[in-house]
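Report on one structure; see the data block that follows.
The values are calculated or read from the model by the stated rules, or taken from the named source; none is laboratory data. Bear in mind the structure is a predicted one, so any value in this text is a computation, not a measurement. Here Cβ is always computed from backbone atoms with ideal geometry, including for glycine, and neighbour counts include all displayed protein chains.
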Amino acid sequence: MDEQQHLAVLAVAIPEVEHRPQIALLWVRRQLLNALEDACGDAGVDWEAVLLWDKSDSLYLFVPPPATTIQLAGIFVWALERGLKQRNRDLSEAYQVRVRMALTDGICQLDGAAWLGDPVTDARRLLHAERLRDERLVTPRPPLAFIVTDEIYRKAIIGSRLSDEESFYPVTVARPDGRAEQAWVQAPAYVQRPRTDPEDAPADRFTPARNGGPGRHGVELTALPVARRPLEVRVAAPPQAAISPFDTVADGWSTEHFAVRYASVCGTTRRDAGASRLDGIAAMRHAASGATVFALTDGAPARLHAWQEASAVSRAVVDAIMSDLDAEADQIDWQRAVRQSAWPLVAGMVRPTASGLMAWLVQVGDCAVWLRRGGVYRRVPELAPDQTFALVVTGPPDTPHLTPRVTSLSNADVLLVGSSGVRDAVGGDPHRLDGLLTAPQAPLDFAYGLKLGAGSFGDDRTLFALWVASAD
């Protein structure tokens, strides 16, 4: 490609290359490429269209339209950080995948084997900025330190529902001519906590703390997950929907205690009209505790990027619960987790305990939860008044006393969490799901059965199922 083209540029640096054994470096590079591809998929970016420039200790991704910097700075970064966290679990330091990443955009040109253009130069300069390297020194170290130009911050992050602008702070970066310019750094795994009596210092001179503790201007970086602001939902005439590349999402796994399958399929009416799937679902296994954590979000058709936002909300809720499990907290902060959403949602956790398997569930709105025991279905009792709250479509729900519903699970039980589309499809007869629940199937077969079972449907169907292992 010799012609000039407007592209988004993602520059990703692998630190400490010289200190890693070659076999570890090969592992890190492969895991990073896989994580980048997965994050592109989650953000709706066509990985096959991305042009890759490999510089050994860094990678440059040139992303053409229709992908936008809003997608890359929002869902992509969120998904990449989550993917790196998953890959880093239980790995030694040499095999940990931790990166610095910069985002720019503008006119680029390929000259032989080299890429030219101001966005490439700016990305390289930001990638090696001293302030971004400082972010890497905080302990415990986050998997991703992210920096953007001031222009990207203003046009792709401020006001975007896919990014948390308050998790960025301004830094000063030197230009080649010696002049200073402003850029913005985000460390998604950290929050800034001012001291009781902080010094009054200009924001653009903020220096991150080294090895934890307070920075030069009295701002302490604390190893806590960022509390994302709840998404605001306003009911209005829907604009032209952003088309999701995912008509169907399915996954699952099995442990000695239970088997998990979940799927989300686009309603036939919406798909035939060329509209996107609206629901979002996320689930993750916590290896240390043996718990499975999940969140199912009923998307809002009035939202332009509903499928992206619902998926992001589900991931944020799961990440918040996982962070409490990582910290070995005595109690899960369900209120903090569920305040990630102002949409219909069920979040929960199933965990082995000394008393057997226990399920913790919290619910917002009109999703459905069933327990199948001995071939008989029963609705998990409605949550008490202080355990649920009405959906508020103009802002975040008020959850002053949110506590979970705790339910014990017995041998051969099946726990089911379904969206309103599943609830409406089965009506008052959940036995219509029997063919799907006889035994755990392959995830794609589970999704196929969910799509074809219980007749035709217009609304999305999203279902999470957990089979408790039989004693024999």
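Please specify each residue of the stretch 141-180 satisfying the condition of being in a loop (DSSP other than H, G, I, E, B), exposed (fewer than 15 other Cβ atoms within 10 Å of the Cβ) and either in the same structural domain as S314 (by TED's automatic domain parsing) or not acidic (D, E) (or both). First the steps, then the outcome.
Going through the stretch 141-180, the residues in a loop (DSSP other than H, G, I, E, B) turn out to be 141-143, 158-164, 175-179.
Keeping just the survivors that are exposed (fewer than 15 other Cβ atoms within 10 Å of the Cβ) gives 158-159, 175-179.
Across the stretch 141-180, the qualifying residues are I158, G159, R175, P176, G178, R179.
So if I check each of D105, D111, which one is of a type in the set (D, E) and more than 24 Å from the chain's Cα centre (by Cα)?
Of the residues listed, the single one that is of a type in the set (D, E) and more than 24 Å from the chain's Cα centre (by Cα) is D111.
For a quick check of your reading of the model, give me the residue pairs whose first member lies in the stretch 162-187 and is touching a residue at least 40 places away in the same chain (Cβ under 8 Å), whose second is of a type in the set (D, E) and in a strand (DSSP E or B), with beta-carbon atoms closer than 6 Å and at least 6 apart or on different chains.
Final answer for the pair search is V173/E181; R175/E181.
Filter the stretch 402-429 for residues that are charged (D, E, K, R) and either at positive phi or assigned to a strand (DSSP E or B) (or both) and give the result.
Residue satisfying the conditions is R405 alone.
Any residue that is out of contact with any Phe, Trp or Tyr (no Cβ under 6 Å at 6 or more places or on another chain), surrounded by fewer than 22 Cβ atoms within 10 Å (Cβ to Cβ), modelled with pLDDT under 90 and of a type in the set (D, E) - is there at least one of those in the stretch 303-319?
No; the residues of the stretch 303-319 include none that is out of contact with any Phe, Trp or Tyr (no Cβ under 6 Å at 6 or more places or on another chain), surrounded by fewer than 22 Cβ atoms within 10 Å (Cβ to Cβ), modelled with pLDDT under 90 and of a type in the set (D, E).
To keep it simple, each residue is scored yes or no on (1) acidic (D, E); (2) under 22 Å from V293 (Cβ atoms); (3) modelled with pLDDT of 75 or more; (4) not assigned by TED's automatic domain parsing to the domain that holds L278.
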site: T388; (1), (2), (3), (4): no, yes, no, no
site: V392; (1), (2), (3), (4): no, no, no, no
site: P397; (1), (2), (3), (4): no, yes, no, no
site: L409; (1), (2), (3), (4): no, yes, yes, no
site: G418; (1), (2), (3), (4): no, yes, yes, no
site: V426; (1), (2), (3), (4): no, no, yes, no
site: T438; (1), (2), (3), (4): no, no, yes, no
site: L450; (1), (2), (3), (4): no, yes, yes, no
site: G453; (1), (2), (3), (4): no, no, no, no
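Report yes if A145 is more than 20 Å from Y169 (Cα to Cα) and at pLDDT 80 or above, otherwise no.
Answer is no for this residue.
Residue by residue, here is whether (1) under 17 Å from P15 (Cα atoms); (2) in contact with an Asp or Glu (Cβ under 9 Å, 6 or more places away or on another chain) holds:
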site: A49; (1), (2): no, no
site: K55; (1), (2): yes, no
site: P66; (1), (2): no, yes
site: A73; (1), (2): no, no
site: K85; (1), (2): yes, yes
site: R89; (1), (2): no, no
site: V99; (1), (2): yes, no
site: W115; (1), (2): no, no
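Against the definition (surrounded by 20 or more Cβ atoms within 10 Å (Cβ to Cβ) and at pLDDT below 80), how does E135 come out, yes or no?
Working: surrounded by 20 or more Cβ atoms within 10 Å (Cβ to Cβ): yes; at pLDDT below 80: yes.
So E135 fits the description; yes.
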